[in-house]
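Trainee: Provided herewith is a single structure, encoded as structure tokens, for subsequent inquiry.
The values are calculated or read from the model by the stated rules, or taken from the named source; none is laboratory data. From a predicted model like this one, the values you see are computed outputs, not experimental measurements. So basically every Cβ, Gly included, is an ideal-geometry build from the backbone, and we count neighbours across all protein chains shown. Accessible surface areas use protein heavy atoms only, side chains included; no ligands, DNA or RNA. Shrake-Rupley method; radii C 1.70, N 1.55, O 1.52, S 1.80 Å.
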Amino acid sequence: MVDLFFYGTLRHVPLLELVLGRARTGLDISEASLADHGVYAVRDQIFPLISQARGEVATGLLVRGLTPADLAALDFYEGGFDYALRPITVRLSSGEEAAAQVYFPAPGQWQPTGFWDLQAWIAQSGAVTLRAAEEVMAYQGRMTAEQMRKSLPSIRRRASAWLMAQSGSEDPAHDLSQDVLIENHKRAYVNFFAMEEMDLRFRRYDGTMSPSVNRGVALVGRASVVLPYDPVRDQVLLVEQFRAATFIAGEKRPWMWEPVAGLIDLGETPEQAAYREAVEEAGVTVSHLEKVTQGYPSSGASGEFIYIFVGVADLSDIRGGGGVAGENEDLRSEILSFDALMQGIDDHRYQDMPLITAALWLSRHRERLRAQLR
């Protein structure tokens with residue numbers, strides 16, 4: 001049995017229950033504190049770290065009697081953040097001292113930015129952390145903590161996308177609690193993308209339930225797509241890059257001409273992602289966005305949800321672009337006239353559906369955008 005002191009996100013009992021896979025009613029939990037230590041927010045992350053700090057006191061929870069199975073689950077979860085156990089002595093609210101262990105970050109791994117507040121974290125990041133933890137813990141025993149660590153940014157993007165989908169209004173024609181019955185849910189694969197499967201039954205239009213069907217889905221997250229358009233010069237900018245997905249599918253022309261596009265990072269709006277990606281991929285500063293549409297581009301196989309924009313820009317001023325080297329992006333861009341773009345659409349030159357959608361929208365709204373300059 002092991003006694004652990006929790007100072008950060010695992011003080012949020014629903015998260016602790018999810019990681020351990022059991023309810024708090026079976027846990028021996030006491031409030032405790034650790035002298036000469038502080039709990040700090042981490043730059044560009046949604047979790048805190050603990051560090052020695054003379055005169056400060058880190059408050060938290062002491063959980064006693066954790067089993068080897070509990071410890072294995074915690075090591076897997078915390079190991080994904082590059083944290084490891086160290087022995088410490090905490091003080092209980094009664095004044096009693098108790099030996100325990102605590103997860104410390106690897107030295108120099110994270111940069112502290114200020115004191116961390118649990119309640120503020122719950123309000124801002126608690127829900128996305130819980131959803132992400134569900135996916136993480138589904139792979140305990142199938143992946144190492146180090147392997148899981150590499151997928152954490154993608155997992156958080158998918159968690160954020162799931163919460164955004166859940167925040168939408170329900171279909172008044174269907175009661176999901178009655179009209180979809182989940183018999184089995186399997187998280188089959190995780191890396192940059194994820195694959196999930198369900199055995200489920202759904203209500204048919206004659207009112208009966210379908211037989212059990214097995215369905216899989218590729219989960220990516222949410223993405224922003226922006227077609228830069230210069231109404232003064234009547235030109236657009238496209239980017240070309242190698243797409244492994246089309247190559248794996250058998251495509252003989254896997255270098256694809258597309259608008260600028262990228263996944264929405266945790267905490268970003270679709271619009272913020274569009275502005276950022278325009279700079280990163282094409283070196284273009286978009287002055288403002290025109291919303292084209294939003295939705296699922298392939299609802300039969302993918303859970304990706306995309307927001308499509310036309311971005312008004314000055315295409316005579318291109319600075320940088322080419323993608324993010326750390327993400328193995330290798331792009332080239334091309335500026336072409338609106339007429340050349342539409343000829344490419346008519347000649348079926350382009351295979352990227354968001355590009356085709358944005359181009360057809362632009363064909364309807366181009367005169368309005370150009371008239372605004374007069």
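Trainee: Within the range 123-151, how many residues are more than 15 Å from LEU18 (Cα to Cα), among the β-branched types (Val, Ile, Thr) and surrounded by 17 or more Cβ atoms within 10 Å (Cβ to Cβ)?
Mentor: 0
Trainee: In the range 106-121, how many are open to solvent by 20 Å² or more (accessible area, probe 1.4 Å) and either assigned to a strand (DSSP E or B) or in contact with a helix residue (DSSP H, G or I) (Cβ under 9 Å, 6 or more places away or on another chain) (or both)?
Mentor: 5
Trainee: Also, quick follow-up: Being closer than 16 Å to MET256 by Cα, open to solvent by 20 Å² or more (accessible area, probe 1.4 Å), outside any loop (DSSP other than H, G, I, E, B) and of a type in the set (A, V, I, L, M) is the filter here, so list the residues in the range 330-357 that pass it.
Mentor: ILE335, ILE345, MET353, ILE356
Trainee: Here are some residues: ASP265, ASP234. Which one is more than 16 Å from SER302 (Cβ to Cβ), among the charged types (D, E, K, R) and modelled with pLDDT of 95 or more?
Mentor: ASP234
Trainee: Next up: Within the set of pairs 6+ apart or on separate chains, which have a first residue in the range 335-356 that is within 17 Å of ARG370 (Cα to Cα), a second that is open to solvent by 30 Å² or more (accessible area, probe 1.4 Å), and C-beta atoms under 6 Å apart?
Mentor: That search, which allows pairs on different chains as well, returns SER337/GLN235.
Trainee: What number of residues within the range 295-335 satisfy the criterion of being modelled with pLDDT of 95 or more, in contact with a helix residue (DSSP H, G or I) (Cβ under 8 Å, 6 or more places away or on another chain) and under 17 Å from TYR229 (Cα atoms)?
Mentor: Qualifying residue count, the range 295-335: 7.
Trainee: In addition: Filter the range 13-33 for residues that are of a type outside the set (Gly, Ala, Ser) and touching a Ser or Thr at 6+ places or on another chain (Cβ under 8 Å); which is least open to solvent (accessible area, probe 1.4 Å)?
Mentor: LEU15
Trainee: Within the range 215-265, how many residues are more than 24 Å from ARG157 (Cα to Cα) and touching a Gly at 6+ places or on another chain (Cβ under 6 Å)?
Mentor: Here the count works out to 1.
Trainee: Can you tell me which residues in the range 276-319 are of a type in the set (D, E, K, R), open to solvent by 60 Å² or more (accessible area, probe 1.4 Å) and not in a loop (DSSP other than H, G, I, E, B)?
Mentor: LYS291
For every residue, the table says whether it meets (1) among the small types (Gly, Ala, Ser); (2) closer than 30 Å to SER160 by Cβ.
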residue	(1), (2)
THR59	no, yes
LEU74	no, yes
TYR77	no, yes
TYR83	no, yes
LEU92	no, no
THR113	no, yes
ALA127	yes, yes
ALA133	yes, yes
ALA138	yes, yes
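Trainee: So, one more: Tell me yes or no: at least one residue of the range 72-80 is part of a helix (DSSP H, G or I), over 21 Å from the mean Cα position of the chain (by Cα), surrounded by fewer than 17 Cβ atoms within 10 Å (Cβ to Cβ) and hydrophobic (A, V, I, L, M, F, W, C).
Mentor: yes
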